[in-house]
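The values are calculated or read from the model by the stated rules, or taken from the named source; none is laboratory data. What you see is a predicted model; the values in this text were computed from it and never measured. Ideal geometry is used to build each Cβ from the backbone, glycine not excepted, and the neighbour counts take in all protein chains shown.
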């Protein structure tokens, strides 16, 4: 059974999460965690880290991960999402995104989430109700599309709240 939970950088699963990110996301573009930290100083510590695990005889094994960066009091960015290549297509990514959406829109009361999705992942985000925004752009040498999701409690055309007098 797959379990999704939030972890800290001191959690023993954090090392597995970093290894998965390196394998799936970073090495293909010529990076590792040390270089990621150097190129984006302080970001790793600002991220809320989520992992999807399965139980094995020697303990939990990380098979997926994603992170939430609270970009402003109203918006957050889903980033560094990776699923073990052997486990893709099993709903692991969907469960991670749902966990981050729940945190962002429930506890944090954000109005919007966004991510920079590789073009191959756009269909995945569309299936979850996310919307493309803007044109295709290149990031880390790969074509991406900005994807957004509005809080279900805040319609796109809702007027801004006015202060009470």
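Side notes on the structure shown:
- Scanning the stretch 127-141 for residues that are surrounded by 13 or more Cβ atoms within 10 Å (Cβ to Cβ) and touching a residue at least 60 places away in the same chain (Cβ under 8 Å) gives a single hit, 140.
- Contacts under 8 angstrom Cβ, first residue in the stretch 1-20 being on the phi < 0 side of the Ramachandran plot and surrounded by 15 or more Cβ atoms within 10 Å (Cβ to Cβ), partner modelled with pLDDT under 95 and part of a helix (DSSP H, G or I), 6 or more apart: 18/33
- Breaking point among (1) surrounded by 14 or more Cβ atoms within 10 Å (Cβ to Cβ); (2) at pLDDT below 95; (3) touching a helix residue (DSSP H, G or I) at 6+ places or on another chain (Cβ under 8 Å), for residue 25: (3)
- Count - residues of the stretch 84-107 that are more than 15 Å from the chain's Cα centre (by Cα) and crowded, with 18+ Cβ neighbours inside 10 Å: 0
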